[in-house]
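Only one structure is covered here, and it is reproduced in the block below.
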Amino acid sequence: MSAAKIIRFPDLRPKDQQDADLTPEELVDDYLEHLCAPLVGWVPYRERERLREEARSHLEGRAHAYGIDGFAPQEAMRRSIERFGKSARLSEEFLETWLNYQSQGKIVQKLGLNNAYALFFFGQMAALSYLFLNLRLVFPPSSSLRFGESVHRFDAIGMPLPDGSIWTYLFLGIVFLAPFVAGWLTGRMAVLHAARAVYHMMLPIIIGTFFLGVALLPSREGLFVALAETLWWLPVGCLTAHVAAAVTWRRRCAYHSIPIRRNL
Amino acid sequence: MPKDDGLNKKHAITLILAVLGDGTRHGYDIAREVERRSQGQLNLPDGSFYPILRQLEGEELIQSTWIGEEGSRRKRVYSLTRSGEAELAQHVEAWRSFAGAMDRVITRKTDWLVRALLLGERFHA
């Protein structure tokens with residue numbers, strides 16, 4: 001005997017009518033779920049529970065006051081929720097406060113968590129591009145792997161781009177792809193003001209790369225990296241970080257553990 | 001913080017510290033008191049108070065504790081710390097100075113306008 005299969009048809013009624021079925025308690029649960037769900041993974045459970053309990057108490061208090069003014073319980077709760085504010089915006093404000101004031105570690109506290117992420121990812125990309133740059137200079141195409149001999153070439157020649165070595169392609173590849181990769185990772189990790197964090201952290205990286213490029217003259221690739229960082233990494237990195245952060249935040253806000261009928 | 005209220009986070013901090021300066025209160029109570037004292041002019045979304053309360057707690061300007069029994073509806077009440085009181089005094093001083101300066105500028109401009117209008121009327125007469 002097969003188990004009976006329950007088929008749930010989608011509720012096609014307008015949202016207002018769908019909400020008419022919800023009790024005040026369900027409305028509060030729904031709202032609090034939307035408020036706290038985006039914080040999962042960043043804010044510890046205990047803190048989220050505290051926010052949930054305080055918000056519930058607040059909403060019930062405000063709804064009670066509306067009830068005294070003559071509103072029906074459901075309408076009173078709806079007004080109370082409306083007065084409390086949009087859940088997505090409040091989650092964002094709460095998360096921002098949490099990240100600013102609960103960050104661990106001196107460097108992170110000094111930089112801010114978002115800036116620390118941006119510096120970490122873009123710094124790694126800059127270091128990687130320099131690694132490939134130097135490997136290309138030390139091991140030019142058709143050279144043997146005699147390290148000492150190759151180092152002499154490093155000083156003497158301002159090598160043209162490209163020179164056909166595997167390092168050239170890796171170097172150009174990393175310069176091209178870095179803002180996408182680092183921007184996306186930054187946006188995923190630092191969902192609030194990710195583009196601003198990239199902008200703030202790219203400036204010291206660009207300045208550092210520029211001075212390193214000057215130090216590497218007559219080889220011009222160092223300056224090429226600084227130029228690429230300014231004209232390519234900075235705008236594309238900011239844009240990618242912004243898009244990644246928006247996508248991540250939207251997904252988090254859409255997350256819920258109970259059926260939600262309306263995004264309050 | 002909604003922009004059309006003309007309030008920024010700094011103002012909200014001042015409001016919260018000022019309300020807590022008069023005694024211990026919970027979140028809803030703070031929101032209601034701000035509304036009452038401003039006669040409904042300062043309409044912050046109620047939820048905006050909580051991130052700010054967390055921030056002030058992180059800066060050790062306020063402290064909080066639960067009241068009520070475990071399991072039943074509890075409320076978290078907030079009160080000013082010593083450093084919070086000092087901060088409140090600074091905020092009040094800064095606001096008075098700012099409001100005074102604004103007032104002086106506006107009043108002077110208004111005086112000048114009134115004089116100009118009166119002069120214009122005399123001229124036409």
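If you put +1 on each Lys and Arg Cβ and -1 on each Asp and Glu Cβ, how big is the dipole of region A:70-129 around its Cα centre, in Debye rounded to 20? Numbers along the way, then the final one.
On the way: 7 positive and 5 negative charges, 15 e Å.
Using only the charged Cβ atoms, the result is roughly 80 debye.
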* Asked: Ranking A:Thr23, B:Thr24, A:Thr248, A:Thr209 by Cβ neighbours within 10 Å, fewest first, what do you get?
  -> A:Thr23, B:Thr24, A:Thr248, A:Thr209
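What is the gain in length, in nm to one decimal, between B:Arg115 and B:Ala99 on full extension, counting 0.36 nm per residue of separation less the C-alpha to C-alpha distance?
Working: separation 16, 0.36 × 16 = 5.76 nm, distance 2.40 nm.
Extra length from B:Arg115 to B:Ala99 when fully extended: 3.4 nm.
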* **On Cα atoms only, tilt of B:27-37 relative to the major axis of chain B in degrees** => 20
* Structure fact -> Hits in region A:179-199: amide N under 11 Å from the 7 Å Cα→Cβ extension of A:Val108, namely none
* Gain on full stretching of the segment that runs from B:Glu85 to B:Leu42 - 0.36 nm per residue minus C-alpha separation -> 13.2 nm
* **Inter-chain shielding of A:205-212 (mean C-beta neighbours from other protein chains, 10 Å cut-off)** => 0
* Counting partner chain Cβ atoms within 10 Å of every residue's Cβ in B:42-49, what's the average? -> 6
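Only counting other Cβ atoms within 10 Å, I'd like A:Tyr130, A:Tyr101 sorted with the fewest neighbours first.
Numbers: A:Tyr130 19, A:Tyr101 15.
Listed from fewest to most nearby Cβ atoms, that is A:Tyr101, A:Tyr130.
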* Evaluate 2.2 N^0.38 Å with N set to the residue count of region A:53-117, then give the Cα radius of gyration divided by it. => 1.65
* Structure fact -> Share of Cα-Cα pairs in region A:17-91 beyond 13 Å, whole percent, is 65
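Using the Kirkwood formula on the Cα atoms of region B:28-88, what hydrodynamic radius do you get, in angstrom to one decimal? Write down the numbers at each step before the final one.
On the way: mean 1/r = 0.0775 Å⁻¹.
Hydrodynamic radius (Kirkwood, Cα only) of region B:28-88 equals 12.9 Å.
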* To do: Find the Rg to Rh ratio for chain B, where Rh is the Kirkwood radius over alpha-carbon pairs and Rg uses the same atoms.
  => 1.21
* Restricting attention to region B:33-125, which GluC sites (Glu not before Pro) occupy a DSSP loop and are surrounded by at most 14 other Cβ atoms within 10 Å? -> B:Glu59, B:Glu60, B:Glu69, B:Glu70
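Would you mind giving the mean number of other chain beta-carbons within 10 Å of the Cβ of each residue in A:51-59, as a whole number? Walk me through the intermediate numbers first.
Values: counts 5, 0, 5, 12, 5, 1, 8, 12, 3.
That average works out to 6.
Bear in mind these aren't lab numbers, they're just calculated from the coordinates by the rules spelled out. The structure displayed is predicted, hence computed values, not measured ones. For neighbour counting, all protein chains shown are included, and Cβ atoms are generated from backbone atoms with ideal geometry for every residue, glycine included.
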